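Just so it is clear, none of the values below were taken in a lab; they were calculated from the coordinates. Since the model is a prediction, treat every value here as computed from it, not as a measurement. So basically every Cβ, Gly included, is an ideal-geometry build from the backbone, and we count neighbours across all protein chains shown.
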Amino acid sequence: MADTVPPQTDAPPPTRHAEFYFDVEGTDVFLVQNTLFRVHRPLLVMKSTVFENMFALPTATHKDGDDSLIDDVEGRTDAKPIHLPQVMERDFSFLLAGFIYARWLQPPQAVEDYIGALKLATMWEMHDARQAVIWQLEQYHSQAFKPIRKLEVARLYSVPSLAAPAFRIMARRRISDLSLEDISSIGIPTFIILSQISEEMQSERKLVARMAPPMCDPHTSCDDHARCAKEWEEAWWNQIAPIILHPNPMYELSFAWGAEQVVSILRLPRMTPGCKEAMLQMIRDGQGFKGEQNFIEKGVERMNKLLYSP
């Protein structure tokens, strides 16, 4: 016996938003998902180029059978609201609260709420609201706003100020750790640039491992500079190079923040303290370790030029 198809039930009628439904003159009714909003037209016109142009269009009326004029304009009543397709009720109410009606948003707010507001502010050309949302997103650290998600948001809504710091973090990670989903999120162009930077940085690490930074001039307390130079070179080969080329990324030397620490605890019994301190200062100044950061900054420039240049 064939299965019977249960009868289709009608969707529940839309409900008015508890906070953003103002039943006063100068407002328009919007339907977002299954929620009705009634908000002030002047605010939308002032803050959004898209709404300004929309409300500038001429309205339409037609005659009924008795020649009376019927108002066909959407947004006047709950029965004929302005539909906002592909908009989430949560995103719209968050945008209204924080960036249209400028109400205080008690922190912390979920980063995804700001991303939803950024989507709408970008789509509706709300330039001031967009800049305010971007500023809020820039305040989130990488634990709350993951670099991959940040690169995705930057790509989707053209926000280079979010892309650059996220790129710098991702450039120091193993490119092989990225999943197909990660690559899809950040986009093929960014993935290619990250891959190129990764290859260049690996070549740089091999070069740095092979060539110790040259010894500085003898310190005033040094009585045998040749001995100090030999001690430095041997320490580099035996203590620094293996960490630079360590196969496990958990243990390899970080050029960004680990070089000074490692050099400061080197075992250099035959090197005078003055020469050791002078070499440590060279490391603090970036001697021998600047190449990696230079590659990363060039990668940021490539990405910005490719994705965000007008």
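Cα convex hull, segment 84-210: 119 Å³ per residue, rounded to a whole number. Per residue, the convex hull spanned by the Cα atoms of the chain amounts to 234 cubic angstrom. For LEU266, LEU31, the sequence from fewest to most other C-beta atoms within 10 Å is LEU266, LEU31. Over 18 Å apart: what share of the alpha carbon pairs of segment 190-310 falls there, rounded to a whole percent? Cα-Cα pairs in segment 190-310 separated by more than 18 Å: 56 percent.
Using the Karplus relation 6.51 cos²θ - 1.76 cosθ + 1.60 with θ = phi - 60°, the per-residue 3J(HN,Hα) values for segment 173-186 come to 9, 5, 5, 5, 7, 6, 8, 4, 5, 4, 5, 4, 5, 7 Hz, with x marking Gly and Pro. Of the cross-linked pairs LYS119/LYS298; LYS206/LYS305; LYS146/LYS298; LYS80/LYS146; LYS80/LYS150, those separated by over 31 Å at the C-alpha level are LYS80/LYS146; LYS80/LYS150. With neighbours defined as other Cβ atoms within 10 Å of a residue's Cβ, the residues ILE197, ILE283 order from fewest to most as ILE283, ILE197.
Residues whose amide H comes within less than 5 Å of that of VAL32, counting only those at least five positions distant or on another chain, are PHE37 (H built at 1.01 Å from N in the peptide plane). Here segment 214-287 is treated with +1 on each Lys and Arg Cβ and -1 on each Asp and Glu Cβ, and its dipole about the Cα centre works out to around 140 debye.
For a paramagnetic label modelled on GLN143 (point 7 Å from Cα along Cα→Cβ), amide N atoms under 12 Å away are absent within segment 161-202. Considering only LEU194, LEU95, MET46, and ranking their Cα positions along the charge dipole of the chain that arises from unit charges at the beta-carbon of Lys, Arg, Asp and Glu, the one farthest toward the positive end is LEU194.
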